[in-house]
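We did not get these values from a lab; they are worked out from the coordinates using the rules stated. The shown structure was predicted, so the numbers you read here are calculated from the model rather than taken from an experiment.
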Amino acid sequence: MSLPILAAILPSNELQIERAMRTVIEKGSKKVGILGFSFKAGTDDLRESPVVELTERLIGKGYDLRVYDSNVRLAAIHGANRDYILNHIPHISRLMTRSIDEVLDHADTIVIGNAAPEFRDVPRRVTDEQIVVDFVRITDSRSVSGVYEGICW
């Protein structure tokens, strides 16, 4: 008999989520892009990902989201991770895009949720009007367009 997956939020994740919510809300735009929403780069595991909870909260507040993570292919996910998605975030597939460019074209605020190598140049690719909210310190460079803010680092 398998036990149900409990969706408890770790205290450290809760702090990240709260800071990210405040930061995104303060920016004033409802058009948000999420780059990397799996628990960490290189995996499709969404369980305990603070970015998934952030996504849920932003949806609940009426934000217009686009989400990209090259490691998350819903058709290929199985097991406990698939159960988690189907039971907790079944609507996420309609938010997913096929490329970083689709997210950047859509969003005024871009959240970088994991340290996937493909996100390293995102802070240099944004326009002066866009804002990057970075969970993972994807770059040490401060010579970027727009506004670049870190969460919990």
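Enumerate the calculated ³J(HN,Hα) couplings along region 114-123 in order (Karplus 6.51 cos²θ - 1.76 cosθ + 1.60, θ = phi - 60°), each rounded to whole Hz, writing x wherever the residue is Gly or Pro.
Result, rounded to whole Hz: 8, 8, 4, x, 5, 9, 4, 8, 4, x.
So who's got an amide H within less than 5 Å of the one on V111, skipping anything under 5 residues away but keeping other chains? H placed 1.01 Å off N, in plane.
For V111, the qualifying residues are G33, I34, L35, V133.
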